[in-house]
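The values are calculated or read from the model by the stated rules, or taken from the named source; none is laboratory data. Only a predicted model underlies this, so the values are computations on that prediction, with no experimental measurement involved. Cβ placement follows ideal geometry from the backbone for every residue including glycine, while neighbour counts extend to all protein chains displayed. What goes into the accessible areas is simple: the full protein's heavy atoms, side chains included, and nothing from ligands, DNA or RNA. Shrake-Rupley method; radii C 1.70, N 1.55, O 1.52, S 1.80 Å.
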Amino acid sequence: QVQLVESGGGLVQAGGSLRLSCAASGRTFSTYAMGWFRQAPRKEREFVAAISWSGGSTYYADSVKGPFTISRDNAKNTVYLQMNSLKPEDTAVYYCAAECRRQMDWVCDYWGQGTQVTVSS
């Protein structure tokens, strides 16, 4: 079983930055990726970014490529999402996920509780 604890959300002005953290605990022996997703009000949850623990590969949604960076610290068993040049449309609840793999869409087996990110105009 894997537990995920997220932190770092908050309120920022447009153009500002936030750094989200996701600490994983529990038994892990999968080669699949860790990922970040978000869900805005009245919208479906969407993929943001993912990173492979084994190979160091990264994946990004087109909408965040460039301003957002996903990274990892395996010694701390933690995944980060650095969000720069934030826009109001980035406002959403951000979720960390584990055991992720891409089929027709990204599929993950474990989810964090979510952390609110609000970007004001």
Quick one: which residue in S17, S7, S21 is touching a Leu at 6+ places or on another chain (Cβ under 9 Å), open to solvent by less than 40 Å² (accessible area, probe 1.4 Å) and touching a residue at least 24 places away in the same chain (Cβ under 8 Å)?
S21
Residue that is closer than 18 Å to R19 by Cα and open to solvent by less than 70 Å² (accessible area, probe 1.4 Å), where the choices are A98, A49
A49
Given the conditions (1) within 21 Å of V5 (Cα to Cα); (2) surrounded by 13 or more Cβ atoms within 10 Å (Cβ to Cβ), report the number of the one that Y59 does not fulfil.
(1)
In segment 75-95, anything without any contact (Cβ under 8 Å) to a residue 60 or more places away in the chain, under 16 Å from E6 (Cα atoms) and open to solvent by 50 Å² or more (accessible area, probe 1.4 Å) is listed as K76
Please find, within segment 32-56, the residue that is modelled with the lowest pLDDT out of those that are among the small types (G, A, S) and over 19 Å from V5 (Cα atoms).
G55
